[in-house]
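Heads up, the thing below is written out as structure tokens.
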Amino acid sequence: MEFFERFAVPHPSFAIYASMVGIALTSLAIVVGLTYFKKWGYLWREWITTVDHKRIGIMYILAALIMLLRGLVDAVMLRAQLAIPDNTILDSQHYNEVFSAHGVIMIMFMAMPFLFGLMNIVTPLQIGARDVAFPRLNAISFWLFFMGAMLFNIAFVVGGAPDAGWTSYFPLASEEFSPSVGTNYYMMSLQLSGLGTLMTGINFLTTIFRMRAPGLKLMQLPMFTWAMLVTNVLIIAVFPLFAVALAFGAMDRMFGTQFFTIGNGGMDMMWANLFWVWGHPEVYILILPAFGIYSEIISTFARRNLYGYKSMVASMVAITILSLVVWAHHFYTMGQGVLANSIFSIATMAIAVPTGIKIFNWLATLRKGKIEFTTPMLWSMAFIPTFLIGGVTGVMLAMASADFQYHNTMFLVAHFHYTIIPGVVYAFIAGLIYWWPKMFGFMLNEKIGKVSFWLVAIFFNVTFFPMFITGLDGQARRMYTYSEETGFGPLNLIASIGAIGLALGFIVLAYNIYWSTRYMPRNIGSDPWNARSLEWSLPSPVPVYNFATLPRVKSSEAFWDAKKKGHNLFPDKVEEIHMPNNSGLPFIMSVIFFIGAFSLIFDMVPLAIIALIGVFACMAYRSFEANHDHGYHIHVKEIEETEERLRGANK
């Protein structure tokens, strides 16, 4: 009995029991479906063992969309609880669990895989590469992220969910104040996914530097690829720090060390510093790719080259550097002194300057442009005024003295969502729609897409703008209820109604994917948007080898110049192409990592040691396998037949 008690949920509820039933039924349906349609072999050969960067990107995006649904459910639950005063839909414990999960899932398990999905699919194509630098590493990066996400999500039905907030501040996250294994799940799941993230950063930075097409210089990279370059620099700079912080936190909880305790020489504020030294650059790890996406889309649908290319690059580099020196603005109120607050206040306001440069460059690109309001362009246009509200309120929060009023109120929650949702979610949806035909060979329906856009754009403001007002009136964040006498009720009800409309907009987006998959035509050509960068020179969908012959690049808009000026992008003759073999080892290794992490969460040290031995065994096997696994060759005749079939189908 003690064995089963170890895995019991400490604070059960109807919602948790319903989740258990839902997970069991969903898992059963997947197994039955795959067995009935005899797809186990296909799933293993084509997806689980793939090292194709495009398929890995699609799996990242699929995981991100699933996690977006999960995060939306959490958000609706939070807003339902806050809709009226003295509500009892959620008690304080479950409210803590839900808002803790909402933050982690939306940032780490929705936004990050969305970023990596688009980066995997687009970046190699934009630089004229046939693959990434390390295909096997790319596969294990995805599977480590995926196992981390699954580990975090099973916490709600096995052992108990994290309940110390998405920042997991100590001493609240210590064994004394969070005695369940929920925070252990937090530490180990983010450690797994973070390890995959760090591998991805190394892989793609190497890819961009070492695998560009002949003639493509750094100052000719498309803006999306430039955004990926600086993003991966940030990943490599800060994720090791986060890994150290998570390791220290896990050791405090599992092995009784004293890194973050409030006694015995520990320092709880060290966690806050380490977390935000990672956490604030993490915001820009998400925002910078979004800036790259908007640059591509605005340039394409304004039918103009991007205004101020060099200043756009310089502003991204400036944002990257400044993002590393602003972390302490997250705890102005924690007694660090006037001098420190002033320094971080100035640095925080300074970061608005390069961000403003980008906005003015986008507006200058639109000026005198022949603007076409496609769905991706609508998302991009809505971003500018909405993000501006988030930016202005960010400058308000940057003032240390004023932050004593704003800190830990709903004003801060509103500010954060006014930056992250238009600055990240809008961008990734716009990018998904924009590059969808390159991934799947058909477009998403424009009419349904615009319905989804208007629902999200309108109800986003209905949801979050009232929080600015209630925050200034004193409504604290993280409070699960409030009294009628506070006067917060009417605006909270409006915000909760807005959350329902916002969720409806994302449901329409999901319906658009379903409807378009079934009914949209497949003969769309290779360049349905009349775009400018190199990926649009390829067939839709892109063949496994990407380029039959490597392009010869002479400008940052090589494909546009080839269309308008008659440049020959592909002057070389077709030759055999070498490609890497698929491998099941990344998946197997990630499963062993999952077992090891799960074992540590429940203090099953012998099993964790066995898992560690298994990881090293996989690494040793790969070392010997590399001597005889030389990949495979695609012959000239097969390449020519593939090109004729794909390009013929797209005429």
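The values are calculated or read from the model by the stated rules, or taken from the named source; none is laboratory data. Remember, predicted model here, so these are calculated numbers, not experimental data. Counting neighbours? That spans all protein chains shown, and the Cβs are built from the backbone with ideal geometry, glycine included. Heavy atoms of the whole protein, side chains included, go into the accessibility calculation; ligands, DNA and RNA do not. Shrake-Rupley method; radii C 1.70, N 1.55, O 1.52, S 1.80 Å.
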### Boolean, Ile107 is in a helix (DSSP H, G or I), open to solvent by less than 10 Å² (accessible area, probe 1.4 Å) and in contact (Cβ under 8 Å) with a residue 24 or more places away in the chain
no
### Query
Which numbered condition trips up Asp403, out of (1) touching a residue at least 60 places away in the same chain (Cβ under 8 Å); (2) open to solvent by 10 Å² or more (accessible area, probe 1.4 Å); (3) within 30 Å of Leu339 (Cβ to Cβ)?
(2)
### Task
Look through Ile351, Ile321, Ile346 and report the one residue that is within 30 Å of Ile433 (Cβ to Cβ), at pLDDT 90 or above and of a type in the set (A, V, I, L, M).
Ile351
### Message
Condition check: over 15 Å from the mean Cα position of the chain (by Cα), assigned to a loop (DSSP other than H, G, I, E, B) and more than 26 Å from Ala161 (Cβ to Cβ). Does Thr50 satisfy that?
### Response
yes
### Message
Looking at the stretch 132-141, can you tell me whether even one residue there is touching a residue at least 40 places away in the same chain (Cβ under 8 Å), within 16 Å of Met589 (Cα to Cα) and more than 19 Å from the chain's Cα centre (by Cα)?
### Response
yes
### Output for the stretch 602-651, where each listed residue is surrounded by 12 or more Cβ atoms within 10 Å (Cβ to Cβ), farther than 30 Å from Asn184 by Cα and hydrophobic (A, V, I, L, M, F, W, C)
Ile634, Val636, Ile639, Leu646, Ala649
### Summary
Among Ala548, Ala562, the single one that is modelled with pLDDT under 95 and in a helix (DSSP H, G or I) is Ala562
### Message
For the stretch 82-93, check the following and say yes or no: at least one residue is open to solvent by 10 Å² or more (accessible area, probe 1.4 Å), in contact with a helix residue (DSSP H, G or I) (Cβ under 7 Å, 6 or more places away or on another chain) and β-branched (Val, Ile, Thr).
### Response
yes
#### Entry: Conditions (1) open to solvent by 10 Å² or more (accessible area, probe 1.4 Å); (2) in contact with a Phe, Trp or Tyr (Cβ under 8 Å, 6 or more places away or on another chain); (3) assigned to a helix (DSSP H, G or I); (4) under 25 Å from Gly525 (Cα atoms): number failed by Lys438
(1)
#### Entry: Residue among Phe177, Phe209 that is touching a Pro at 6+ places or on another chain (Cβ under 8 Å), open to solvent by 30 Å² or more (accessible area, probe 1.4 Å) and not polar (S, T, N, Q)
Phe177
### Task
Taking only the stretch 620-651 into account, find how many residues are among the small types (Gly, Ala, Ser), at pLDDT 90 or above and closer than 19 Å to Lys438 by Cα.
0
